[in-house]
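The values are calculated or read from the model by the stated rules, or taken from the named source; none is laboratory data. Just so you know, these numbers come straight off a predicted model, no measurement behind them. FYI the Cβ positions are ideal-geometry reconstructions off the backbone, even for glycines, and counts take in every protein chain you see. What goes into the accessible areas is simple: the full protein's heavy atoms, side chains included, and nothing from ligands, DNA or RNA. Shrake-Rupley method; radii C 1.70, N 1.55, O 1.52, S 1.80 Å.
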Amino acid sequence: MNVPSKTERQRQHSRSNGSSRLTQQQRILLSYIVTLVGVSLTIVIVSTVILYRAAIDQQRERLYDMVRSQARLMEAVARHEAEYSTAEKPEGARTNTLKQIIDSHSRSTGLGETGEFTLAERRSDQIVFLFGRRYEGDNSQAPIAWDAQEAEPMRRALQGLSGTCIAADYRGETVLAAFEPVEGLNVGLVSKLDLSEIREPFIIAGALSSIVAIIGVILGTSIVSRFTGRLIMQVFESRERLQALHEAASDAIVSADDKENIVSWNKAATRTFGYTWEEAIGQPITMVMPEWSRVAYTTVCKTTASTTEGGECTVELQAIRKDGTELPVEIAASNWETQKDSFFTAFIRDISRRKATQEQLLHAQKMESVGLLAAGIAHEINTPIQYVGDNTRFVRDSIVTLMGVVESYAAQLDPEAEERCWEDRAADIKQMVEEVDLEFLLDEIPMAIEQTLDGVERVARIVRAMKEFSHPGSSEKTPTDLNKAIESTITVCRNRWKYVAVLEMDFEKGLPPVPCLVGEFNQVILNIVVNAADAISENIGDDGEGTGQIKVSTRQVDEFIEIRVSDTGGGIPEEIRQKVFDPFFTTKATGKGTGQGLAISHDVIVNKHGGTLEIEVDPGVGTTFIIRMPMAVPTTTVRKEAA
């Protein structure tokens, strides 16, 4: 059994695709020809019918004029015969008139190939033709019963009616006839023409026109196809590529009309949301959004897309699947228009993995920060612990000494002790007090206890700050005292900045609680303060002479709480200012920075809290990071962090 090679299979696939495209092109071309032929034939038929009707109307008028003029002429002849008839004509004026009329019409050549005049009278229940048959030289016609279906035009004339009609003549042939009664003679006159004679030229012309139209369409299509065939193929191929790209896209692509009803739905959308194409088409696009997220879509994404230049916007929202589960998505939306309608297309990406990765990175950075701060925190705790231990040992030893003094007093007061005068006993006690330096102990012990309590409080404060900093926090935003959160973070990282800078805190009192993710906010403050300390350290140099300054301030500005972190680290060079928030960008030596700190900080403040994070640089002096936290939860960030 011969198995085709990969190259042969590709060639076969290519030929198959080419054949498929060719077949499709032929089908389109054939439908084009059929459509043009149909339109052409319709035009020919309609035109022929219009011309035929016009010819019928023209013949009606012609026949009617002829039959009326002939009838008036016959009436005039009859009146003349009645007035001037003599005894030489005993048969009477009517008979003489009819003879003259019949004699004159016997020499008539008729009207066209089938047209003729017929004259008849009614005798009892019969129509008797006086003249009219002109075919093969035979002018005789047998009488016809009055109620027969034939000779309808003549019947109307004998009834005294005048006009035209299309009906059967005395031969049973359908004719166009004009009929008129002849007064004074009591006869009817009919001028008629076979409809077949009128139709024949139009049928021939219509057939020839149809043939010419079909040949013209085929020739024209062939010429157009020859010159535009390549262009048509390119259009087909472009359409196929666009459709294939639409279906092969990894992101959901959903388009909606101006009424927000879905008009396109690709396979990725089915994978993402669970709805099939049939289930989605015609439904509102908001069906893939939970109730609370629809407000963000309407008020932010759609409004932004319709008002911004280019009609585009990108926003992170929460979506909902067919089974009711929610997922975080990133929507890149844009408006576009055709000549008749406007549409809205959304490229929707499931960012569940990205969110999970961001959470992992944030947690990893927090653990990294805790690891880097561990030595400093240990040092910060060790100093108060040392003097707590020293003071505790001093108090312990002092208590032992004081116990000796107390025992000495007790011995001098013991009634069973040898009798001695009070002067000797007082001298012994005084000697012991001088030996233990009781005055010194009474002065130092309270101070030692006070210092011990102060040390314990310092340790407790460091531990409390570390606990607040390291606490994972809630996945929901909670009202937070930003001043307290910032102070705790500064305490935790004190060992990172105290050797290179003096840190000043200028907090506006009475700030309202701000809804935020406190754990992630603490990480942002830590990243910025540590970066400030590192910048000052690099600016000071290896000699370490002098110290810099870090200032952290808070204040309320309109509907935001503004946090400023300023340093004297020399400032960020202009050429890298646009990159400071890029992931993995760092200016630190290898192993000293991951490039994630400011990128994560920007994501936390901007995307998760709807705030802003900006920088101001005073070249040669330092940098100020400006954080603005909204005091109300923005619509675009509601429950976004739940992902």
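Key figures for this structure:
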item	result
Number of the exception - Leu29 against (1) among the aliphatic types (A, V, I, L, M); (2) at pLDDT below 75; (3) crowded, with 17+ Cβ neighbours inside 10 Å	(3)
Matching residues, region 171-187, being of a type outside the set (D, E, K, R) and open to solvent by 50 Å² or more (accessible area, probe 1.4 Å)	Thr174, Gly184, Asn186
Condition check for Ala82: at pLDDT 70 or above, more than 18 Å from Leu189 (Cα to Cα) and open to solvent by less than 50 Å² (accessible area, probe 1.4 Å)	no
Residue identified as surrounded by fewer than 11 Cβ atoms within 10 Å (Cβ to Cβ), more than 60 Å from the chain's Cα centre (by Cα) and at pLDDT 75 or above among Glu450, Glu444, Glu434, Glu416	Glu434
Cβ pairs under 6 Å, 6+ apart, first in region 263-278 and over 25 Å from Asp341 (Cβ atoms), second open to solvent by less than 60 Å² (accessible area, probe 1.4 Å) and part of a strand (DSSP E or B)	Thr272/Ala252
Residue satisfying all of: in region 218-261; outside any helix (DSSP H, G or I) and over 15 Å from Phe347 (Cβ atoms); most open to solvent (accessible area, probe 1.4 Å) among these	Lys259
Residue in region 569-585 that is at pLDDT below 75, touching a Gly at 6+ places or on another chain (Cβ under 6 Å) and under 30 Å from Ala356 (Cβ atoms) present	yes
Residue, least open to solvent (accessible area, probe 1.4 Å), within region 188-217, restricted to residues that are of a type in the set (Ser, Thr, Tyr) and assigned to a helix (DSSP H, G or I)	Ser210
